[in-house]
Amino acid sequence: MSAASKVKNIDEVLISVREGYELIPLPEGASYLGFIFATAKNPALVEEALRAAYAELTIVVAPLWKGQVVA
């Protein structure tokens, strides 16, 4: 997240989902992984900054195994 925060015109990178949180796809789910905020002189520069910051993020998801573990 540090590299994404250092991209020119990026104001903040906010990751709201924590490890172990169950992600439920939209429309049933009601949350995002997080947000990237940018400010620039024009919309094209904002979009460029957002895309560059996103490219710096590594997002890892894994299946959630529901059920009991047999020991």
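The values are calculated or read from the model by the stated rules, or taken from the named source; none is laboratory data. This is a predicted model, so every value here is computed, not measured. Cβ atoms come from the backbone with ideal geometry, glycine included; neighbour counts cover every protein chain shown.
Please specify each residue of region 25-47 satisfying the condition of being surrounded by 11 or more Cβ atoms within 10 Å (Cβ to Cβ) and free of Cβ contacts under 8 Å to residues at least 12 places away in the same chain. Of everything in region 25-47, just one residue is surrounded by 11 or more Cβ atoms within 10 Å (Cβ to Cβ) and free of Cβ contacts under 8 Å to residues at least 12 places away in the same chain, namely E47.
Annotation note: Cβ proximity below 8 Å between a residue of region 1-16 that is of a type in the set (S, T, N, Q) and a residue that is part of a strand (DSSP E or B) and modelled with pLDDT under 95 (sequence gap 6+ or interchain) occurs for S16/G34.
All conditions but one from (1) touching a residue at least 24 places away in the same chain (Cβ under 8 Å); (2) outside any helix (DSSP H, G or I); (3) not polar (S, T, N, Q) apply to P63; the one that does not is (1). On inspection, A62 does not qualify as among the small types (G, A, S) and surrounded by 12 or more Cβ atoms within 10 Å (Cβ to Cβ). Considering Y32, Y21, Y54, the condition of being in a helix (DSSP H, G or I) and among the aromatic types (F, W, Y) is satisfied by Y54 alone.
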